[in-house]
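What follows is calculated from the coordinates using simple rules that are stated; it is not laboratory data. Quick caveat: nothing in here was measured; it's all calculated off a predicted structure. No Cβ is skipped: glycine too gets one built from the backbone with ideal geometry, and neighbour counts run over all protein chains shown.
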Amino acid sequence: MNSLEFFGLRSKPFEGNTNVRFFYMSQGHGEALARLRYLVRDRNMGIGVLTGEIGSGKTITRCVLERMLAVSSFTTVSLESSNLPFGHLVAEFVRQLSGAPLELAGLTKYELLFRFKKLVWDKVASKGGHLVAFLDEAQQMAPRTLDELKNLTNLSSGGDNYLTLILVGQPEFRDILNDMPQLDQRVSLRFHLNFLARDEMGSYIAHRLRMAGLPEGATLFDEEACELIYRETQGIPRLVNRICKLSLDQAYSLQQRDIGAGLVAGIIEDVHLQKGEDGTSRGRKWYCSVGTDGARMA
């Protein structure tokens, strides 16, 4: 019996991915979605900004929003990392819209923009649609690139814009915007995504377990364990997932279906021991993990 079968699960509940099935509608994440949907549906607000600390769930929120947009009305393009020159960003938009790569060699900026605008009209705007471009890791973009990107939101006809930009970045992106008033004034909506609240911790963990197939009414993490996880992670989803994943592995190693504060405390202690006060890796104290085939490893 492997670890999933042992806990009655169909899939791994705490993997660090952006599977929208595991998205938890916390108060903060729900408000972020509602505001960004309003921005997109308006079609004439130009630029929206979503910021948040590392591991707060910005990318999965963006993925959920993409899924929510009706394909009959909206076309989306997205970049996981936006640390590219302006021309390369536009070329990537063209590739995603056309399904074919664009050779930039020998192409002037005018020709590149002409092709992009024509493609947006032919594929999207002429059919009554609207293009939404998602750019993640926006804090990595050069100021010049950001300045040129803002001009893309001028694509319009008869008063209707064809493009909405949503820039997703870490908190320092807000400082970058403050230093670029010509861009900052174009931002119609901004939202900063905070971490999970203390009273959301148990529900978050239960939700991910339920989405992974835990039978209705069953529980794995008790209230004290959830409280300890919150104190350790301060509600940062990525860190919560890490502690929960390690706790499940250890519980399986011990053939223990109930996960309490004692087991979680041991996991947290081991994580700190491995990291070390100086940030360097150190030897393990006692933790046993489980391989992908369910075999226990020292």
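Annotations
- Charge tally for GLU111 (other residues, Cβ to Cβ under 14 Å; Lys, Arg +1; Asp, Glu -1): +3.
- A Förster radius of 41 Å combined with the Cβ-Cβ distance from ARG35 to LYS123 puts the calculated FRET efficiency at roughly 0.90.
- GNM flexibility winner over the chain from ARG144, ARG186, ARG238 (Cα, springs under 10 Å): ARG144
- Choice from LEU263, LEU273, LEU209 showing the highest fluctuation, given a GNM over the chain with Cα pairs closer than 10 Å: LEU273
- To the nearest ten degrees, helix 223-233 and the longest principal axis of the Cα atoms of the chain are 50 degrees apart.
- Those GluC sites (Glu not before Pro) in the range 205-261 that DSSP places in a loop and that have at most 16 other beta carbons within 10 Å: GLU216
- The chain: Lys pairs at Cα distance under 24 angstrom, eight or more positions apart or on different chains: 17
- Charge tally around ASP222: other residues with Cβ under 12 Å, Lys/Arg +1 each, Asp/Glu -1 each, net -3.
- Amide H partners (placed H, <5 Å) of VAL132, local residues excluded: THR75, THR76, VAL77, THR164
- Alpha-carbon centroid distance for the pair the range 177-229 / the range 1-48, whole angstrom: 9 Å
- The chain, relative contact order in percent, only Cα pairs under 8 angstrom and at least six apart counted: 26 percent
- Residue order, fewest to most surrounding Cβ atoms within 10 angstrom, among ASP184, ASP122: ASP122, ASP184
- Based on Cα atoms of the range 134-217, Rg over Rh with Rh as the Kirkwood radius reads 1.18.
- Sequence-distant residues sharing a close amide H with SER156 (under 5 Å, placed H): TYR162
- Theoretical gain in end-to-end length, ASN44 to ARG95 [0.36 nm per residue, Cα-Cα removed]: 15.9 nm
- Kirkwood Rh in Å, taken over all unlike Cα pairs in the range 1-145: 17.5 Å
- Å³ per residue enclosed by the Cα convex hull of the chain: 170 Å³
- Pair ASP258, ARG238: separation of 7 Å Cα→Cβ label points (nm): 3.5 nm
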